[in-house]
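Worksheet: the structure to be examined is printed underneath.
The values are calculated or read from the model by the stated rules, or taken from the named source; none is laboratory data. Computed from a predicted structure; not experimentally measured. Here the Cβ positions follow ideal geometry from the backbone for every residue, glycine too, while neighbour counts run over all protein chains shown. We work out accessible area using only protein heavy atoms, side chains counted, and drop any ligands, DNA or RNA first. Shrake-Rupley method; radii C 1.70, N 1.55, O 1.52, S 1.80 Å.
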Amino acid sequence: MLTPKENMRETIRGGKPNRFVNQFEAIQILPHPYLMFNPGVEKGGPDVVNPWGITTSFPENVPGQFPVHTKEKIVVKDIENWQDYVKAPPLKFTDEQWAICKGIYDSVDGSKSYKATFVAPGLFEQTHHLCEITNALEYYLTNPDEMHDMIKVLKDWELELAEGICTHLKPDAIFHHDDWGSEISTFLRPEMFAEFFLEPYKEIYKYYHDHGVEFIFHHNDAYSATIVPYMIEMGIDVWQGCMASNDVPALIKQYGDKITFMGSIDNKFVDFTGWTQDDVHNVVHRILDEVGDPKYFIPCITQGGPGSLYKGTYKALVDEIDKYNIEKFGLQESDLDRLPLQIMFE
C-alpha cells in the first residue's frame with residue numbers, strides 16, 4: 001500500500017495511485033526565517049505593519065489576512081516614483097534562526113509527506129498589496145514600465161529568499177501563494193498576464209526545481225483556466241485552489257499529463273453557517289464521480305491551506321474522502337496510513 005507521499009507522487013506523475021489523495025494529507029507546510037522572525041497578524045488580533053510597510057488585517061470571520069488600503073496606508077503613493085516607497089526587507093538571518101527552522105523540517109517524516117516551504121504573497125499579490133488592487137490594475141495599463149521594474153525587484157527578492165531556503169532547509173516541495181483572478185475571470189487578460197509574470201515565475205520556479213525541489217504547488221483560488229498553459233510553462237506542478245468554475249474535469253482531460261489540479265471543492269459548497277455532513281458527502285461524491293480517475297487530480301477545499309472558515313468542515317471533508325476511497329477502491333481504513341491532521345486555518 002502506498003504511503004500518502006507515494007500516492008501523491010503517483011497522482012502527479014500520472015503513475016498508478018491507489019486512491020484519491022486526501023487534500024493536504026501528504027504536504028507538511030513549513031516556515032522559513034522570514035515568516036518566523038517577522039511580525040505577523042493573528043486572526044482576530046490587531047492590525048500589523050509588515051516589513052514591506054503594508055498594514056495587514058485578519059478579522060475573525062474571513063479565511064485569510066489582507067492589506068488595509070485606506071488612503072493614508074497605501075504604500076505606493078506615486079507610481080512614477082515607486083522606488084521611493086518600495087523597500088525590500090533584508091533576508092540575512094543568523095545560523096541559529098536557520099537552525100530553528102531546520103529542526104522543524106527534520107521533525108517531519110519525509111517518507112510519508114512532502115516538506116513544503118510556504119511562500120506568500122506572490123508577485124501579483126505583492127504589487128496590489130503595495131499599490132491597492134484597483135490602482136495596481138490601472139498601473140498595468142497606464143504605467144507598464146514602472147510595473148515591470150517593480151516586479152523585477154520583487155522577483156529578485158524572491159530569488160534571494162529561494163537561495164536561502166534551498167541552501168539551509170532543502171525542502172522537497174514549495175507551496176507558493178499568488179491569486180490571479182476572481183471566481184469568474186482572471187484579473188488580467190491572458191496575454192497581459194504573460195507579459196508581466198511568465199518570465200519572472202519561470203525564473204523563480206526553475207531555481208527551485210534546479211535545487212532539489214520536486215514539486216511546486218501554486219495556490220490560486222480563482223478562475224484561471226485560460227492561463228493554464230502559462231502555469232505549465234512557468235514550471236507549476238500542481239495548481240492548488242482551482243475552483244469549480246474552471247470545469248476541472250475538462251482541464252484534466254486537456255492538460256492532465258502536464259499539470260495536476262488540486263481543488264474543485266469551493267468553500268461556498270461546504271463551508272457556511274449550518275453546513276451538515278450530508279452537504280459534505282454530496283459534494284465529495286459528485287466531484288469525485290465526475291473526475292473518476294485519481295491521476296492528475298487531488299480533491300481539496302479551494303482555500304490556501306488545510307482548514308476551513310467554519311470549525312469542523314475540513315475534518316468532515318477528510319472523513320468523506322476517506323470513505324469514498326474505501327468504497328471506490330476496496331481499501332480498508334488501515335490502508336489509508338492517516339497522518340496527524342494538519343489544520344492551519346479554522
* To do: Apply the Kirkwood formula to segment 150-221: the hydrodynamic radius equals the inverse of the mean of 1/r over all pairs of different alpha-carbon atoms; give it in Å with one decimal.
  => 13.2 Å
* Asked: By how many nm would the segment from Lys268 to Lys112 lengthen if fully extended, with 0.36 nm per residue of separation less the alpha-carbon distance?
  -> 53.1 nm
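If you take the beta carbon distance between Ser334 and Glu233 as r and set R0 to 51 Å, what does 1/(1 + (r/R0)^6) give as a FRET efficiency, to the nearest 0.05?
Working: r = 42 Å, r/R0 = 0.82.
The computed FRET efficiency comes out at 0.75.
Compute the Rg/Rh shape ratio of segment 192-272: radius of gyration over Kirkwood radius, all on alpha-carbon atoms. Please report the intermediate quantities before stating the final value.
Working: Rg = 13.2 Å, Rh = 13.3 Å.
When Rh is taken as the Kirkwood radius, the ratio is 1.00.
Please work out the average accessible area per residue across segment 207-346, using the 1.4 Å probe convention, and give it in Å². Working shown, then result.
Values: 5520 Å² over 140 residues.
Accessible surface, normalised per residue, equals 39 Å².
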* **Förster radius 25 Å - calculated FRET efficiency between Lys170 and Phe345, Cβ distance, rounded to 0.05** => 0.40
* Just one of (i) 81, 54, 49; (ii) 52, 48, 39; (iii) 62, 45, 39 is Cα extents along the principal axes in Å calculated from these coordinates, so which is it? -> (iii)
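Calculate how large, on average over all directions, the projected area of the Cα convex hull of segment 69-141 is; give the answer in nm² to one decimal. Don't jump to the answer; show the numbers that get you there.
Values: hull surface 30.4 nm².
Mean shadow area of the hull around the Cα atoms is 7.6 nm².
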* Structure fact -> The size of the Cβ-based charge dipole (Lys, Arg +1; Asp, Glu -1) of segment 129-198 about the Cα centre, to the nearest 20 debye, is 160 debye
* How many nm is it between the label spots at Ser182 and Thr142, if each spot is 7 Å from the Cα in line with the beta carbon? -> 2.0 nm
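Ranked by accessible surface with a 1.4 Å probe, highest first, in what order do Tyr230, Tyr114 come?
On the way: Tyr230 60, Tyr114 0 Å².
Output order, biggest surface exposure first: Tyr230, Tyr114.
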* To do: For segment 7-123, just the Cα set please: Rg and Dmax, both in angstrom.
  => 18.8, 55
* Rounded to the nearest 10 Å², what accessible area does Ser245 show when all protein chains are kept and the probe is 1.4 Å? -> 50 Å²
* Asked: Length gain on complete extension for the stretch Glu327 to Met192, per 0.36 nm per residue less the alpha carbon to alpha carbon distance?
  -> 44.1 nm
* Structure fact -> Given 266-276, 298-308, 87-97, the highest-first ranking by average Cβ count within 10 Å works out to 298-308, 266-276, 87-97
* Asked: When all protein chains stay in place, what accessible area (Å², nearest 10, 1.4 Å probe) is found for Thr134?
  -> 80 Å²
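Determine the dipole magnitude for the chain: charges of +1 sit on the beta-carbon of Lys and Arg, -1 on that of Asp and Glu, nothing else is charged, the reference point is the Cα centre, and the result goes in debye to the nearest 20. Walk me through the numbers on the way to the answer.
Values: 30 positive and 54 negative charges, 123 e Å.
It comes to approximately 600 debye.
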* To do: Just need the relative contact order of the chain here, percent rounded to a whole number, with Cα pairs under 8 Å and 6+ apart.
  => 20 percent
* Within segment 13-53, whose backbone N sits under 15 Å from a point 7 Å along Cα→Cβ of Ile100? -> 31-40
* To do: Could you check the simple spin-label distance between Lys87 and Ser57, using points 7 Å along Cα→Cβ, in nm with one decimal?
  => 2.5 nm
* Asked: Can you count the Lys pairs in segment 6-124 whose Cα atoms are under 19 Å apart, with each pair 8 or more apart or on different chains?
  -> 6
* **Accessible area expressed per residue, segment 30-90, with surrounding protein chains retained (probe 1.4 Å, Å²)** => 57 Å²
* Structure fact -> In the chain the accessible area split gives carbon plus sulfur, as whole percent at 1.4 Å, a share of 51 percent
* **Quotient of C-alpha Rg and 2.2 N^0.38 Å, computed over segment 207-346** => 1.06
* Give me the distance in nm between label points sitting 7 Å out from Cα along the Cα-to-Cβ direction at Arg13 and Phe37, one decimal. => 3.7 nm
